[in-house]
Amino acid sequence: MDVYRIRFGNLVLAISMVLLASCKDNPKENKATESTSEKPNLLYIFPDQLRNAAIAINGEDPVYTPNLDQLAKEGIVLTNAIANFPLCSPSRAMLMTGKVPYNNSVLTNANSKRYEFDNSWQRDDVSFSDVLVKNGYDAGYVGKLHLTSPPPIAGKDSVIWDAYTPKKDRHGFNFWYAYGTFDVHNNPHYWINDAKEDELKYFDEWSPEHEADVIIDYIKNQNNTIRDDKKPFALFWSVNPPHPPYQYVPEKYLERYKDKTLEELLVRKNVDLKTDAEDLAFHNGATRGRTNLAKEHVRDYFAMVTGVDDQIGRVLKALKEKGLDENTIVVISSDHGEMMGSHGLMSKNVWFEESVNVPFIVRWPVKIKGRQKSDILLGTPDIMPTLLNMMDAADGLPTELDGQDLSSQLLTGKGENPEYALYYYIEEGRPESGHRGIRTSKNTFVVTVDDEKHVRKFLYNNENDPYQMTNLAVKDSEIERKLHEELLQVLKAKKDPWLKKYKTIENTTK
Ligand code: CA
C-alpha cells in the first residue's frame, strides 16, 4: 500500500486502495507497478555559500532555520562534511563527477577567461546524472549550474560569467531550468528545457521563491506532463542565495535581524573586522580588506538563510502532500561556506572551517532513523558514489573515481571511516599550482606554494582550538611532521601534479 500512497498522494488514498484491491487478481500488473517504485527519489538541495554554522540546530550562528532544523531531527546530520575545494565551480564539478579538479578539468571558477583552458564540465566524464538516467531515473536541474566556461566575445575585454549549457553537455538531465552564473537574486533568469541560447527568460521574483514554485510543480507533476510518473526522479536544486550580493533579500526575512547588534550576530570568536589579514596577502583566493561587508550585510546573510529555509519548507510540504516524503532522500548541503569576518576574511576559498565545513543533512524515513549525528569525514567527491549506492542506482558508476562510497556508514554506521579530507586551491590552467591540505578529525594542515615559490605551512588543532586562532605549524612538532608525511603520501597515491612541483622547491631550499 505504501507504493500506492507514494504514487498518488494522500488525497486519493481511498481510490488507490480500491485500485489495489482490484489489482489483487492480476499479480503481474501489481508486480510491475511495485518494481517501478522501489528506488527512492532524490531531492538534492544545495544553497550556495551556506556554511554549516548557519543551520540553527548546530547552535552556532544566531539564525532562524526551523525547516532545516526539523529535517535534521528527522534524519542524519554529518558534522564533518568538507568542501575540499571551497569555491563554486570546482566544488560543483567534484559533486557531479566524483573526481578531484585535476581529473575533471574544472580547476577554478568557470568564466570566459578560462575558456582557453577548457575549464568546464567535460562531456565524456560519466557523471552523477548520467548514472541516474542509466538506472531508470528522470533527472532534473533547477538553479545555478556554473560549470561551463563560455567563449570570450571578440572585442570585449569584460569577463563573461553566465553561460548557456547546450543539451549535449547536460549529462542526461531531461528537466532543465537553469543558468550559469547570475547573481541578481530579485530578477533571476533561466534557460528552460528546450530554450535556445537567445531564449533566456527573466522573472521579477526572488530566485529561491521562484525556484521553489518550479520544484513544487515538478513534485506535483499535474497530468504527468513534467516528468514520467512511472520513474523515480532525482532533482538537483541549486539555490543561489545566501551567495552575495547579500542585499537582494525580501524585507520580510530581515525583520528578525534588523534590530540586532553586530555583537549579537557575529558571535564567532575569530571574527576580526579590523585586521587586513596581511599574513594571507600571498593567497590570491582569500577575500581580504572587505570586512565592511560583514558589518553591512551580516543581517542580510542570515535573512537570506532564513528565506531559503522558508522556501525549502514549502517544497518539503509539497513532497509530503504528494505522499513522496517517505521514500525520497532529501539532502541539504552547499558548495562551500562563508567567512563573514572570521580571521578578517569574507567569502570562501580558504581552508578555515567557516569556508570548508558545509551542511550535510540526509533524511530518508524508510531507511534512515531520525535524530542521528555522525562525525564521519565526507568530502565532495564522495557524495556521488555514496548517494548512488544508497539508492541502489550505481549501475554504470565509473570505477576510477576519487570519491569513496560511504553509503554503508550512513545507512548502518558500519564500515571504515575515512581518516582525512583533502583541501585544494588551484589557479587557472595550472593543475600543479596552489595549496594542498589535509583535514583530519582533529587537525587542519595546509601547505601553500605561491607564485614566488615560497612555501608556507598552517596547522590547527581543531579540538583545542575550534576557531583556529593559533597556527601551530611554526613549531615543527611531531604532529606537524606526521601530517606533512601523510599529506605527501596521499597526494603521491593520487598522482597529484602539485607534488612534483612542491618537491622540487623543497629540494632547492634545503
Ligand atoms: Ca558558490
| Enumeration of residues in the range 104-126 that are in contact with a Leu (Cβ under 9 Å, 6 or more places away or on another chain) and either among the acidic types (Asp, Glu) or closer than 19 Å to GLU400 by Cβ (or both) | VAL106, TRP121, VAL126
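Here is a yes/no grid of residues against (1) under 17 Å from GLU338 (Cα atoms); (2) at pLDDT 95 or above:
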| site | (1), (2) |
| --- | --- |
| ALA21 | no, no |
| ALA32 | no, no |
| PRO47 | yes, yes |
| ILE57 | no, yes |
| ALA83 | yes, yes |
| PRO101 | no, yes |
| Regarding VAL366, is this residue among the aliphatic types (A, V, I, L, M), assigned by TED's automatic domain parsing to the domain that holds PHE302 and open to solvent by 10 Å² or more (accessible area, probe 1.4 Å)? | yes
| request: Would you mind listing the strands (runs of 3 or more DSSP E) fully within the range 313-391 where at least 2 residues are at pLDDT 95 or above and on the phi > 0 side of the Ramachandran plot? | output: none
| Within the range 185-203, is there a residue that is among the polar types (S, T, N, Q), crowded, with 16+ Cβ neighbours inside 10 Å and under 30 Å from ASP229 (Cα atoms)? | no
| message | Any residue in the range 159-178 that is more than 16 Å from ALA139 (Cα to Cα) sitting within a Cβ distance under 8 Å of a residue that is part of a helix (DSSP H, G or I) and not basic (Lys, Arg)? List the pairs, counting only those 6 or more apart or interchain. | response | VAL159/SER112; ILE160/SER112; TRP161/SER112
| remark: Checked the range 406-459 for anything touching a Gly at 6+ places or on another chain (Cβ under 8 Å), open to solvent by 10 Å² or more (accessible area, probe 1.4 Å) and in a loop (DSSP other than H, G, I, E, B); matches are PRO418
| task | Output the residue which, of all residues in the range 495-509 that are touching a strand residue (DSSP E or B) at 6+ places or on another chain (Cβ under 8 Å) and not in a helix (DSSP H, G or I), is surrounded by the fewest Cβ atoms within 10 Å (Cβ to Cβ). | result | PRO497
| task | Being over 19 Å from the mean Cα position of the chain (by Cα) and within 13 Å of ASP162 (Cβ to Cβ) is the filter here, so list the residues in the range 175-186 that pass it. | result | VAL184
| request: Using the structure shown, decide if LYS373 is open to solvent by 20 Å² or more (accessible area, probe 1.4 Å), under 30 Å from ALA303 (Cα atoms) and more than 16 Å from the ligand (Cβ to nearest atom). | output: yes
| What is the one condition in (1) open to solvent by 20 Å² or more (accessible area, probe 1.4 Å); (2) at pLDDT 95 or above; (3) over 21 Å from the mean Cα position of the chain (by Cα) that ASN223 does not satisfy? | (2)
| query | Are any residues in the range 143-154 within 16 Å of the ligand (Cβ to nearest atom) and either touching a residue at least 40 places away in the same chain (Cβ under 8 Å) or among the charged types (D, E, K, R) (or both), and if so, which ones? | reply | GLY143, LYS144, LEU145, HIS146, LEU147
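The values are calculated or read from the model by the stated rules, or taken from the named source; none is laboratory data. Computed from a predicted model, the values in this text were never measured in an experiment. Cβ sites come from the backbone with ideal geometry, for glycine too, and all protein chains shown count toward neighbours. For the accessible areas, the whole protein counts, side chains as well, though only heavy atoms, and no ligand, DNA or RNA atoms are used. Shrake-Rupley method; radii C 1.70, N 1.55, O 1.52, S 1.80 Å.
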